[in-house]
Amino acid sequence: MALLLNQLPVTDQFNQLGTAFYSQVSPQGISNPHWVHVNKNALQLLGLDEDLFTHQENLEIFSGHRPLHNTPALAMVYAGHQFGGYSAQLGDGRGLLIAQANTPSGVIDIHIKGAGKTPYSRFGDGRAVLRSSIREYLASEAMHGLGIPTTRALCIVGSDEPVMRETQETAAIVTRLAKTHIRFGHFEYFYYQQRHDELKQLADHVIEQMIPHHRDNTLSPYVQLLEFVVRKSAEMIAHWQAVGFAHGVMNTDNMSIAGETFDYGPYGFLDDYEPGFICNHSDYHGRYAFDQQPSIGLWNLNALAHSLSPLIDQDSIKNTLAHYEPHLIASYSGLMRQKLGLTTPQDGDQALCASLLTLMAKDSVDYTQCFRLLADVNSEQVPTQFAQLFKQPLPLRQWCDRYNKRLQQEASGNDDRKERMNKVNPKYILRNYYLQRAIDAAQNTQDFSEVDRLFHLVQTPFDEHPHMSDYSQPPPPSGKHLPISCSS
C-alpha cells in the first residue's frame, strides 16, 4: 500500500476537459493544522497505508499547504437552481479537486473543502469551519454504514485560524472522496450559456466514466446517460425516504450525476415520524421538507433533462423521465417491505405500511425505534417497549392484528424474520442531538473523542452495541428540532 499521497497513481481526466470547465487555484493553507480524524476505511479505497496520518507531508497536503503530485488544484465551474431560482454561475467557492486517483474500483476524486478563495467564492471567504466539516465527515460515513449511495470523507484537519460565521469559529478542511464531483448544475451552466460543444464534451466525459458500455450505443448514449441518472437518483431518494433522511437543500448544484448523496449541509435524520419535517431553518416554505424529496428529485431531473435537450430529442426526454416514478416506487416499496420483514410481495403491503406510518405520525413515534422494535412483534405478543411508543392502544392493536395475519403468509419463522429485520432497520442513526454534542466538545475543548465514538458507531448501525445503547434513544424534546443552517 502507498504510504504517502504523492505515491498514489492518478489520472487527469477532468483536467483534460480544458479550462472552460474549471479554474486552476493554489490552495490557501489553514494555520497551525492538526489532525482531527482520519477514516481508515476510506484510506483503503485509495490503497493508502493506515499510518498516513503520522506523516507531516500528508498533513500539509490535506491542510492546503502542499500540492499533490505538484499539479494544480481545480475549482469547478457550474450553475444551478437554488430553491427553484436559477443562478447562472456558482462553482466551487471553497472546494478544490486536488487529484483523481486510479483505484481497482475506478477513478475516485479527492477534493478538499475549505482551502481558501476561488474565482467562484463570490462574497465568501473560501473557508470551512470545524462544525460543518464534522457534520459532513460523520454524515457520509453514517450513510455508507446504512448502505445508501454517498460520497465518503477521508479526513478532517483542524486549525486555530478564526473564521466568522454567525459567531467566531475555527477553520477546518474536510477531504471528500467521490466517483465524480460533476453535478446537475454543470450541465445547466453550459446549456444556459448556449455552449453546446462543451455540453456535449461534458456528457461524453460522464458517459466514458460512468457507463462506458453505452459509449457506442447506436440509439443514443445521451439517452442512456439520462436513464442512468434517473435510475440512480430514484434509488438514492428511495433509500433516503426508507431510512428517514432529510437532505435539507436539494438544489441542482447539490445533485450528483453519479446518484451519490452529495453536499451534506443542513441535513437531519427523523426523530419523531413527521412527514413534513424541515431540517433547514432557512427553508421557510418547506420546499425541501422530508416528504417533498421524491417530487423535488423529479423537478431536478427535469432541469437536467432540459439542459441535455440539445443532445436528446423531446420524446426521448419525456419517455426517460417517465421512468423515475416507477423506479422510485419499486425501490421504496422493496425497502419498506424489507423493513416490515416481508419477503413475498402481496397486494396489501403498501396499505399495511402506509397505515403504520399514519399511526406513527399521529402519535409522534420515533421512526428508527419503531421499525427496530417491530421485529419483536408477533402473533403471541406485542412487546411493551413497542406498544409504549404509541398513544392510541386500540388503533395499534388493530394494526398489529393485520400485521400478524400478513406474517402468516410468510414461510419463515419469527426468529428468522427478526434477524432479517435487524439487518435493515438500524438501531442507531446520526441524530443531530448527539452530533451537536460531539461538535461542542470539539469546538470548546478540542476533545475529539465523541467524534471518534460516533464515527465507529455509525459504521455498524445495525449492531446492538450494548455499551452504547444510550445513543439509540430519542433526544429530549428540546433536541428534536435543532436549527441547522447552510453556513459552513
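Got at least one residue in region 223-245 being touching an Asp or Glu at 6+ places or on another chain (Cβ under 9 Å), part of a strand (DSSP E or B) and closer than 21 Å to A142 by Cα? No - not one qualifying residue is present in region 223-245.
Determine whether I134 is in contact with a helix residue (DSSP H, G or I) (Cβ under 7 Å, 6 or more places away or on another chain) and either crowded, with 23+ Cβ neighbours inside 10 Å or under 29 Å from I429 (Cβ atoms) (or both). Considered against the rule, which asks whether it is in contact with a helix residue (DSSP H, G or I) (Cβ under 7 Å, 6 or more places away or on another chain) and either crowded, with 23+ Cβ neighbours inside 10 Å or under 29 Å from I429 (Cβ atoms) (or both), I134 comes out as yes. For I156, indicate whether it is under 23 Å from F245 (Cβ atoms), assigned to a loop (DSSP other than H, G, I, E, B) and of a type in the set (A, V, I, L, M). Criteria not met by I156.
Which of the residues that make up region 349-370 are under 20 Å from Y471 (Cα atoms) and not in a helix (DSSP H, G or I)? Within region 349-370, S364, V365, D366 qualify. For region 282-308, the candidate set comprises residues that are touching a Cys at 6+ places or on another chain (Cβ under 9 Å) and outside any helix (DSSP H, G or I); within that set, the residue that is surrounded by the fewest Cβ atoms within 10 Å (Cβ to Cβ) is S282. Of the residues making up region 83-98, those that are surrounded by fewer than 16 Cβ atoms within 10 Å (Cβ to Cβ) and touching a residue at least 40 places away in the same chain (Cβ under 8 Å) are F83, G84, Y86, A88, Q89.
Of everything listed in (1) crowded, with 16+ Cβ neighbours inside 10 Å; (2) out of contact with any Leu (no Cβ under 8 Å at 6 or more places or on another chain), the single unmet condition for D363 is (2). As a summary of the residue check, D216 satisfies the conditions (1) within 30 Å of R337 (Cα to Cα); (2) in a loop (DSSP other than H, G, I, E, B) except for the one numbered (1). At pLDDT below 90, of a type in the set (D, E) and either crowded, with 17+ Cβ neighbours inside 10 Å or within 30 Å of T445 (Cβ to Cβ) (or both): does that describe D51? Spelling it out, D51 is indeed at pLDDT below 90, of a type in the set (D, E) and either crowded, with 17+ Cβ neighbours inside 10 Å or within 30 Å of T445 (Cβ to Cβ) (or both). The residues of region 108-133 that are in contact with a Phe, Trp or Tyr (Cβ under 9 Å, 6 or more places away or on another chain) and of a type in the set (V, I, T) amount to a single one, I112.
With respect to (1) part of a helix (DSSP H, G or I); (2) surrounded by fewer than 18 Cβ atoms within 10 Å (Cβ to Cβ), the lone exception for L373 is condition (2). Kindly evaluate S331 against the criterion of being in a loop (DSSP other than H, G, I, E, B) and touching a residue at least 12 places away in the same chain (Cβ under 8 Å). Considered against the rule, which asks whether it is in a loop (DSSP other than H, G, I, E, B) and touching a residue at least 12 places away in the same chain (Cβ under 8 Å), S331 comes out as no.
Within region 395-425, the set of residues being in contact with a Lys or Arg (Cβ under 8 Å, 6 or more places away or on another chain) and within 10 Å of N378 (Cα to Cα) comprises L407 only. Among the residues of region 472-488, is any in a helix (DSSP H, G or I) and hydroxyl-bearing (S, T, Y)? Yes, the conditions are met somewhere in region 472-488. Residues that are in contact with a His (Cβ under 9 Å, 6 or more places away or on another chain) and either in contact (Cβ under 8 Å) with a residue 24 or more places away in the chain or surrounded by 15 or more Cβ atoms within 10 Å (Cβ to Cβ) (or both) within region 1-27 comprise L3, L4, L5, N6, L8, V10, Q13, F14, L17, F21, P27, listed in sequence order.
Checking the stated criteria, Q346 turns out to be part of a loop (DSSP other than H, G, I, E, B) and within 24 Å of M421 (Cα to Cα).
Where residues in region 356-400 are under 30 Å from the mean Cα position of the chain (by Cα) and of a type in the set (S, T, N, Q), which of them is nearest to P426 (Cα to Cα)? Filtering first and then ranking leaves T368. Note on region 48-91: residues that are farther than 27 Å from Y284 by Cβ and under 23 Å from the mean Cα position of the chain (by Cα) amount to 5. Of all residues in region 131-140, one or more are of a type in the set (A, V, I, L, M) and over 11 Å from the mean Cα position of the chain (by Cα). Screening the candidates V223, V249, V243 for the property of being closer than 15 Å to S331 by Cβ and in contact (Cβ under 8 Å) with a residue 60 or more places away in the chain yields one hit, V243. Mind checking whether some residue in region 220-235 is at pLDDT below 95 and out of contact with any helix residue (DSSP H, G or I) (no Cβ under 8 Å at 6 or more places or on another chain)? Looking through region 220-235, none of the residues is at pLDDT below 95 and out of contact with any helix residue (DSSP H, G or I) (no Cβ under 8 Å at 6 or more places or on another chain).
Which one is nearest to the chain's Cα centre (by Cα), of the residues in region 111-125 that are crowded, with 24+ Cβ neighbours inside 10 Å and farther than 22 Å from G248 by Cβ? Only one residue tops the list, namely I112.
The values are calculated or read from the model by the stated rules, or taken from the named source; none is laboratory data. It should be emphasised that the depicted structure is a prediction, and the values quoted were computed from it without experimental measurement. Neighbour counts run over all protein chains shown; Cβ positions are idealised from the backbone, glycine included.
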